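The values are calculated or read from the model by the stated rules, or taken from the named source; none is laboratory data. As the structure is a prediction and not an experimental result, all values here were calculated from the model. Using ideal geometry, Cβ is built from the backbone for each residue, glycine included, and neighbour counts are taken over all protein chains shown.
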Amino acid sequence: MAAITLLEGVNMAIDHEMARDINVVALGQDVGKSGGVFRATDGLYKKYGENRVLDTPLAESLIVGLSVGMASQQMRPIAEIQFMGFIFPSFNQIATAAARMRNRTRGRITLPMVIRMPYGGGIHAPEHHSESTEALLAHLPGIKVVVPSTPERAYGLLLAAIRDPDPVIFLEPKRIYRAVKQEVEDNGEAYPLESCFIDREGTDITLVSWGAMMQETLKAADLMEKEGVSCEVIDLVTLNPIDIPTIVESVEKTGRCIIIHEATRAGGLGSEIAAELSEKALLSLYAPIGRVTGYDTIVPYPKSEHYFMPDKDRIVDEIRKAMEYH
């Protein structure tokens, strides 16, 4: 069992499914001979050939449209969009074709397809390379949206996404592509796509986050533990559908909640989770629900990016505010 990065977990999952199922194919700009812009598909072209690992033109609408056609004919395409900021040319195909096909055909046609993309900031990339617009995608009925936070979860969740009978958007937080290593066994064991992970149990406050922000959230929980505050930490994992019952159960126990995401604050998924908690757990709350998010602006150019990204200090400040609320 090797210690691998999150990026290598993605590669391992694709390799596993391509070996297991001849209908699984990978496609996208530079995914073949170059192995992808971040090398997520490195080695797959040589192993499976040009008929199963397809280099496409720089045309996101074509990449997703072709995947819709393939999936409708019992293939299982794994499409890569190089950066989340480039998704918009393909948004028509995602929203009007991929998301609606099962409903439109009354279940006669389903689309077992995955659209992978690196997302989020933290690598000092220029504009259009650091977005976190997951709320746009999570708002679409008919599509699951999944974000791993560790190598092991990248592997298990991507296996599940590839095997799912419906479209899955798989967002890969590039800030932590190579940040940590974890021992992961290539055992083909998929994780469920509809459940949160409780990474740490606690009694005083619930912290909900996902993707790269999980590292900052866990650091904040460590700091607060030294101050005698017990934090329950939830990795949301699936942004659509959200596992609200698990979050509600946690908040009913702790009485406080902070939601952390790097996307802009207005209209972010933190708002949706807070609304659900206000409807389902209002009488359990001892303090207002807090949010630690990116700011309502375009992600700044590289030298200012760290001002935009939430960090452990901002999270700690919000936790203290909740704990001191009367």
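Let's see how each residue does on (1) modelled with pLDDT under 95; (2) over 22 Å from A99 (Cβ atoms):
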site: V146; (1), (2): no, no
site: T150; (1), (2): no, yes
site: R153; (1), (2): no, yes
site: G156; (1), (2): no, yes
site: R163; (1), (2): no, no
site: V180; (1), (2): yes, yes
site: D186; (1), (2): no, yes
site: A190; (1), (2): no, yes
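I need the full set of residues from the range 51-80 which are over 17 Å from P165 (Cβ atoms) and either crowded, with 22+ Cβ neighbours inside 10 Å or outside the structural domain of I169 (by TED's automatic domain parsing) (or both), in order please.
Within the range 51-80, V53, E60, I63, V64, E80 qualify.
Which number in (1) surrounded by fewer than 16 Cβ atoms within 10 Å (Cβ to Cβ); (2) farther than 24 Å from A154 by Cα marks the one condition that K46 misses?
(2)
For the range 84-103, give me each residue that is buried (at least 20 other Cβ atoms within 10 Å of the Cβ), under 22 Å from G120 (Cα atoms), touching a Ser or Thr at 6+ places or on another chain (Cβ under 9 Å) and not small (G, A, S).
M84, I87 - these are the residues of the range 84-103 that are buried (at least 20 other Cβ atoms within 10 Å of the Cβ), under 22 Å from G120 (Cα atoms), touching a Ser or Thr at 6+ places or on another chain (Cβ under 9 Å) and not small (G, A, S).
Test of understanding: among M18, M12, M1, which residue is within 18 Å of the chain's Cα centre (by Cα) and either modelled with pLDDT under 95 or within 15 Å of Y155 (Cβ to Cβ) (or both)?
Details: M18 fails: within 18 Å of the chain's Cα centre (by Cα); M1 fails: within 18 Å of the chain's Cα centre (by Cα).
Sole residue among the options that is within 18 Å of the chain's Cα centre (by Cα) and either modelled with pLDDT under 95 or within 15 Å of Y155 (Cβ to Cβ) (or both): M12.
What is the residue count in the range 286-325 for residues that are without any contact (Cβ under 8 Å) to a residue 40 or more places away in the chain, surrounded by 21 or more Cβ atoms within 10 Å (Cβ to Cβ) and within 19 Å of S250 (Cα to Cα)?
Final tally of qualifying residues: 3.
Is it the case that L193 is crowded, with 16+ Cβ neighbours inside 10 Å and more than 18 Å from M323 (Cα to Cα)? Let's see the steps before the verdict.
On the way: crowded, with 16+ Cβ neighbours inside 10 Å: yes; more than 18 Å from M323 (Cα to Cα): yes.
So L193 fits the description; yes.
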